[in-house]
Amino acid sequence: TYTNQWGSIGTDNGFFNSPTGIVVTQSGHVYITDSNNRRIQRFALSGAYETKWGSSGSETGQFGSGLHGITVDADDNVYITDSGNNRIQKFTSDGTYVTNWGTTGTLNGEFSLPQGIAVNATTGNVYVADTQNRRVKVYTSKGSFLRQWGEWGSEEGNFDHPISLAVDKSSSYVYVADDWSNKINKFDLEGNFLARWDISCDWLQALAVSPG
């Protein structure tokens with residue numbers, strides 16, 4: 001049943017230009033990645049505008065082109081895949097910059113167009129879909145590298161274009177949407193492949209797990 005909507009194209013508060021990511025917190029805030037405006041906007045559940053942060057650039061608190069994934073942890077810290085700068089940025093709930101990690105490349109702490117991001121509610125670890133490197137990377141909440149899995153290919157556990165991911169409520173499984181192969185892959189928290197299934201669609205980009 002339709003309940004509400006807000007926003008239109010533009011640069012003013014509450015307006016958007018290519019919004020690409022959204023997350024709702026238990027405290028009742030809605031965060032949206034306003035990609036082409038290079039900013040994050042926060043709203044109440046009613047759609048009332050609350051605050052924003054960000055601008056175009058590569059300095060801390062700024063964003064490059066392709067502002068994609070967004071998630072929050074149990075303390076309402078906000079994690080964002082700053083795809084254009086190949087890094088993850090972390091902020092408090094009001095947009096105060098905390099830290100960032102990542103640079104361009106293929107090594108453990110490097111990315112090539114990171115997009116999907118999720119937090120394990122139990123451990124606080126951060127899972128990132130490192131899209132063009134065809135893998136998933138896992139970090140602590142402070143950005144220390146823990147593990148990674150996946151490579152290019154069609155075999156079980158590999159990826160073509162991993163674009164979005166989610167960790168379930170029990171914090172037991174990681175689900176990864178592989179856009180170009182139209183598949184959902186299921187792993188345990190260590191990256192061991194468990195299952196996958198085909199999804200018939202043109203664009204497999206967003207992924208969420210039922211809270212039940």
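Structure notes:
- Of everything listed in (1) open to solvent by less than 50 Å² (accessible area, probe 1.4 Å); (2) among the charged types (D, E, K, R); (3) not in a strand (DSSP E or B), the single unmet condition for ARG42 is (3).
- Tabulated pairs, segment 50-77, first closer than 30 Å to THR122 by Cβ, second open to solvent by less than 50 Å² (accessible area, probe 1.4 Å) and among the acidic types (Asp, Glu), C-beta under 7 angstrom, 6+ apart or interchain: PHE63/ASP82; LEU67/ASP82
- Number of the condition not met by LEU113 [criteria: (1) under 26 Å from GLN26 (Cα atoms); (2) within 14 Å of the chain's Cα centre (by Cα); (3) surrounded by fewer than 22 Cβ atoms within 10 Å (Cβ to Cβ); (4) among the hydrophobic types (A, V, I, L, M, F, W, C)]: (1)
So that you can scan it fast, the table gives a plain yes or no per residue for (1) in a strand (DSSP E or B); (2) open to solvent by 10 Å² or more (accessible area, probe 1.4 Å); (3) among the hydrophobic types (A, V, I, L, M, F, W, C):
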residue	(1), (2), (3)
ALA121	no, yes, yes
GLN132	no, yes, no
LYS137	yes, no, no
LYS142	no, yes, no
GLN148	yes, yes, no
SER164	yes, yes, no
SER170	no, yes, no
TYR175	yes, yes, no
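- Of the residues ALA48, ALA44, the single one that is in contact with an Asp or Glu (Cβ under 7 Å, 6 or more places away or on another chain), over 21 Å from GLN89 (Cα atoms), among the small types (Gly, Ala, Ser) and modelled with pLDDT of 95 or more is ALA44.
- Among the residues listed as THR20, THR71, THR25, the single one being surrounded by fewer than 19 Cβ atoms within 10 Å (Cβ to Cβ), within 15 Å of the chain's Cα centre (by Cα) and polar (S, T, N, Q): THR25
- Matching residues, segment 78-103, being without any contact (Cβ under 8 Å) to a residue 60 or more places away in the chain and part of a loop (DSSP other than H, G, I, E, B): ASN86, THR92, ASP94, GLY95, THR96, GLY102
The values are calculated or read from the model by the stated rules, or taken from the named source; none is laboratory data. Treat the numbers as computed from the prediction; the structure is a model and nothing was measured. Glycine gets a Cβ as well: all are built from the backbone with ideal geometry, and neighbour counts include every protein chain shown. Please note that ligands, DNA and RNA were not included when accessible areas were found on the heavy atoms of the full protein model with its side chains. Shrake-Rupley method; radii C 1.70, N 1.55, O 1.52, S 1.80 Å.
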